[in-house]
Amino acid sequence: MNFDIARKRMVETQIVARGVKDRRVIDAMLKVPRHLFVQEAMAAQAYNDTSLPIGEKQTISQPYTVAVMSELLELKGVERVLEIGTGSGYQAAVLSCLARRVYTVERIPSLASRARKLFDTLGLTNISMKIDDGTIGWESEAGFDAIIVTAGAPEVPTALVEQLVVGGCLVIPVGDQDEQVLYRIRKVEDGTVVQEKSIPCRFVKLIGRNGWSGEQ
Ligand code: SAH
């Protein structure tokens, strides 16, 4: 299987054909080797139009979802971005091509350590990572120009809005456990936000102090 050809086809048919226009997002998705972020036995499916299991009952998001969320952040290359839910590390790797520095938080240690190894192998030196409950954000590194949550939240964690700079935006799936809607929430001044709805989506649960309770 030629992964470069599969990736190019993925970008053309799943991302550009569905209306993603941000050239930097398209280039990032052409560049990041998604097949390295899935389980080895699933490498041949890495460029399919679907999410895939990554172990620990978690998933790597569908490529289109990664592209839409990345585009919604409107990154220019100078930003500090916080991601909650590192998972495979794929979304963080895409963001590392789009922003100055990426901070990513994962609650499951085995996923975090696999992702960290991949970042090292690929030389993605602008990603900082920690194992923690990301629903409380990353206080010591706030404020962020953009925040992306890649797990489904019952509501918007206020800590995340607090850790945004004024003018910054948060992209987050909010809804029940079976279905969510992607929201973009812009902080227009302290205490005031403007929110827009984007596409429907289905993520694994955001588990933590300001998310869902429970193990999975
Ligand atoms: N962005 C990931 C998608 C991973 S799925 C990728 O590109 O592969 C969502 C991830 O969020 C899971 O790995 C899950 O363990 C993690 N997660 C859920 N709740 C979390 C929390 N409170 N803090 C940090 N990570 C969390």
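The values are calculated or read from the model by the stated rules, or taken from the named source; none is laboratory data. Remember, it's a predicted structure, so these values are computed and weren't measured experimentally. We place every Cβ from the backbone using ideal geometry, glycine too, and count neighbours over all the protein chains shown. The area values use the complete protein model at the heavy-atom level, side chains included, leaving out ligands, DNA and RNA. Shrake-Rupley method; radii C 1.70, N 1.55, O 1.52, S 1.80 Å.
Structural remarks
- Between 0 and 90°, nearest 10: helix 109-121 axis offset from the chain longest Cα axis: 60
- Relative to the current alpha-carbon distance between D132 and T13, full extension at 0.36 nm per residue lengthens the span by 39.2 nm.
- Euclidean distance between Cα centres, the range 169-203 to the range 13-70, Å: 21
- The chain, accessible surface, carbon-and-sulfur percent (1.4 angstrom probe): 49
- The order of M1, M10, M42 by accessible area, most exposed first and with a 1.4 Å probe, is M1, M42, M10.
- Within a straight-line Cα-Cα reach of under 19 Å, K57 can be paired with the following lysines, leaving aside sequence neighbours fewer than 8 residues apart in one chain: K205.
- Relative packing of 159-165, 172-178, which averages over residues the other C-beta atoms within 10 Å, highest first: 159-165, 172-178
- Annotation: lysines with alpha-carbon distance below 17 angstrom to K8 (same-chain offsets under eight excluded): K21, K31.
- Full-stretch length increase - D120, Q39 - with 0.36 nm per residue and alpha-carbon distance subtracted: 27.4 nm
- Each residue of the range 5-14 is assigned a 3J(HN,Hα), and the resulting list reads 5, 4, 5, 4, 5, 4, 5, 5, 8, 9 Hz, derived from the Karplus form 6.51 cos²θ - 1.76 cosθ + 1.60 (θ = phi - 60°), x at Gly and Pro.
- A Gaussian network model of the chain, with springs between Cα atoms under 10 Å, assigns the largest mean-square fluctuation among K187, K57, K130 to K57.
- Hz values of 3J(HN,Hα) by residue in the range 194-203 - Karplus curve (6.51, -1.76, 1.60), Gly and Pro given as x: 10, 10, 10, 8, 10, 7, x, 7, 9, 10
- Simple label model, 7 Å out from Cα along Cβ direction - R23 to V165, nm: 2.4
- Applied to the range 179-187, the Karplus parametrisation 6.51 cos²θ - 1.76 cosθ + 1.60 on θ = phi - 60° returns per-residue 3J(HN,Hα) values of 8, 9, 10, 7, 10, 10, 10, 9, 8 Hz, with x for Gly and Pro.
- In Å², nearest 10: area of R107 left accessible to a 1.4 Å probe: 90
- Mean separation of Cα contacts under 8 Å, 6 or more apart, over the residue count of the range 77-125: relative contact order %: 42
- Spin-label model distance (nm) - S213 vs L30, 7 Å beyond Cα toward Cβ: 5.0
- Rg of the Cα atoms in the range 93-194, relative to 2.2 N^0.38 Å, amounts to 1.10.
- Convex hull volume of the C-alpha atoms in the range 38-103, normalised per residue: 83 Å³.
- Measuring spread by the Cα atoms of the chain yields a radius of gyration and Dmax of 15.9, 51 Å.
- Annotation: the antiparallel percentage among DSSP beta bridges lying fully within the range 3-201 is about 50.
- Between the amide H of E83 and those of Y103, T104, V105, I148, distances stay under 5 Å, these residues lying 5 or more places away or on another chain, with hydrogens modeled in the peptide plane.
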